[in-house]
Amino acid sequence: MQYGIHVLTVPNYDPTRWKLEESYETVGCVAPKSLVKAENMLFFAGTDNIYGLTANLQIFELADSFKSDYVALSNLDESRFIVDVKKKRLICK
């Protein structure tokens, strides 16, 4: 497991009873500079798609219309995402 999405749960009543659970084994971020938050979603570059993750851990694949071009890139780990708040868009470099 190199990449994945995990949930850390820390109860208020006893922080020593924390729990780390894997939510998605095959989906994860490959480029730290691609992690951006916009409105109620976290966006990141994965090995096979660009993903959006909601607070309740619902995953959305965003690169479907250009997925083959995205996967063919050799430098996915260098991806950088920027949120354009005025135009409500995600810029991927």
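The values are calculated or read from the model by the stated rules, or taken from the named source; none is laboratory data. Computed from a prediction, not measured in an experiment: that's the story for all the values here. Side chains included, ligands, DNA and RNA excluded: accessible areas come from the protein's heavy atoms. Shrake-Rupley method; radii C 1.70, N 1.55, O 1.52, S 1.80 Å.
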What's the carbon and sulfur percent of the chain's accessible surface, probe 1.4 angstrom, rounded to a whole number?
-> 52
Solvent-free Debye scattering, log10 I(q)/I(0), computed from the Cα coordinates of the chain at q = 0.16, 0.24 Å⁻¹ | -0.70, -1.29
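Find the relative contact order for the chain and round it to a whole percent, using C-alpha pairs within less than 8 Å whose residues are 6+ positions apart. Can you show the working numbers first?
Values: 162 pairs, mean separation 19.4, N = 93.
Relative contact order here is 21 percent.
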At 0.36 nm per residue, minus the direct Cα-Cα distance, what do Lys86 and Ser74 gain on full extension? Give it in nm, one decimal, please.
-> 1.3 nm
Over the chain, with neighbouring protein chains present, the accessible area per residue in Å² at probe 1.4 Å is 74
In sequence order, calculated HN-Hα J values of the stretch 29-43 (Karplus, 6.51, -1.76, 1.60; Hz; x Gly/Pro) = 8, 9, 9, x, 7, 8, 6, 9, 10, 9, 6, 10, 9, 9, 10
